[in-house]
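Working notes, structure below.
The values are calculated or read from the model by the stated rules, or taken from the named source; none is laboratory data. What you see is a predicted model, and the numbers here were worked out from it, not measured in a lab. Here the Cβ is made from the backbone with ideal geometry for all residues, glycine too, and neighbour counts use every protein chain on show.
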Amino acid sequence: MIWSDLIQQLIFLSLSGLGILGNILLFIRHVHMFIMGSKKKPIDLIFTHLAISNVIILYTSGVRYIATDFHFKNVLGDAGCKAVVYLARVARGLSICTTCLLSVVQAVTIGPRTSLWRKLKPQTSWQVLPFLLLLWIFNVLISSNLLYHITAGSSLNSSRAGAYRKYCYMLPSGYTVKWLFLSLMALRDVIFQSLMGWSSGYMAFHLYRHHKRVLYLHSSGFANRASPEVRATWSVLVLMTCFLLYYLGDFISSFYIGSVFTLDSIILNAKLFLGVGYAALSPFILIIKDFHLASCWHAL
C-alpha cells in the first residue's frame, strides 16, 4: 500500500465517520423537538428526513469503499452491488430534493407575513408527508435503470462495461434508455438546485434588509456587532455554496461517467468524495443555520 492510498483511506473514513456522527446528532435533535414539542413542526420532519438520506449516502459509499479498497470484494455479490449503488443514487436524489424543500420552507417562513408566498407555508407535519412521499417515488423511478445495468465484477468481463466503483460495473444500455435517464437526472438536478439557489438568495436578501432596518432603528453602536441576521445570512450562503459546489461537481462527474462509461480512477475517486462531502458537512452547517434562523424568527 502506497502512502497516497493510505492518506486517501484515512480522509474518507474520517469524513464518513464525522458525517455519520453529525447526521445522527441532527436526527436526534429534531426527533426530540418533534416528539417533545407542543406543536409538531413540519421543519423538524424535513430535517429528520434529510439526516436519514445523508446517512444512507455515507453508509452505502462506505460499504463500496471498504469492499473494494480493503479487498473485501466477496462481501458484495451481484445483488449487493445493485442494492448498494441503487440506494446511493436514490439517497443522493433525496438529499438534493429534501435540501431544496427545506430551503424553500425556511424562505417562506422567514418572509414577510404579508407575502403571498407565506400562504405556501405548511402548517402541520401531515402537509409535508405527501411531498416527502412524492420525492421517494420520483427518485426511486428515476434511478430504476441501475437495478438492471449494475452488476458485480466477478460475473462480468470488465472490458464490456464501465466501472462504477472498481468492483461494481455498469452494463452498457441502449442509446434511448441511457439518455432518457441521464436527461431526467439532469432535469431534476437543475430544477431543484435552481430552487435551492433562489430560496437561499431570497432568505439572504430578506435577512440583510431586516438587519439594515434594525440598525436604522437602533443606535449605530450595534453596527459592529454580529447580529443574528448577519450570522444567519452567512450560514445560508455557506450552505448554498457547499450544496451547489458539491452537487454540481457530483452531477458533472455522474453525467460524464454515465455517458462515456469511463474507467478513469481519478474521476471515480473525485465523484466518491464529492458524493460524501455534502452529506458529511451539511449537518453541522444546518445545525448552525437552524440556530441562527430560530433567533431571527423571534425577532421578525
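Before moving on, here are some points about what is shown:
- Residue that is farthest from the chain's Cα centre (by Cα), among those in region 133-145 that are assigned to a helix (DSSP H, G or I) and surrounded by 12 or more Cβ atoms within 10 Å (Cβ to Cβ): Leu141
- Just one of (1) surrounded by fewer than 17 Cβ atoms within 10 Å (Cβ to Cβ); (2) modelled with pLDDT under 80 fails for Pro130. It is (2).
- Scanning region 244-274 for residues that are in a loop (DSSP other than H, G, I, E, B) and either at pLDDT 70 or above or closer than 21 Å to Tyr175 by Cβ (or both) yields a count of 3.
- Members of region 26-44 that are modelled with pLDDT of 90 or more and surrounded by 14 or more Cβ atoms within 10 Å (Cβ to Cβ): Phe27
- Any hit, region 145-153, residues being closer than 18 Å to Pro172 by Cα and at pLDDT 90 or above: no
- In the set (1) modelled with pLDDT under 90; (2) touching a helix residue (DSSP H, G or I) at 6+ places or on another chain (Cβ under 6 Å); (3) surrounded by 17 or more Cβ atoms within 10 Å (Cβ to Cβ), Cys81 fails one condition alone, (2).
- From the list Leu237, Leu187, Leu215, the lone residue that is modelled with pLDDT of 75 or more and either in contact with a helix residue (DSSP H, G or I) (Cβ under 8 Å, 6 or more places away or on another chain) or exposed (fewer than 15 other Cβ atoms within 10 Å of the Cβ) (or both) is Leu187.
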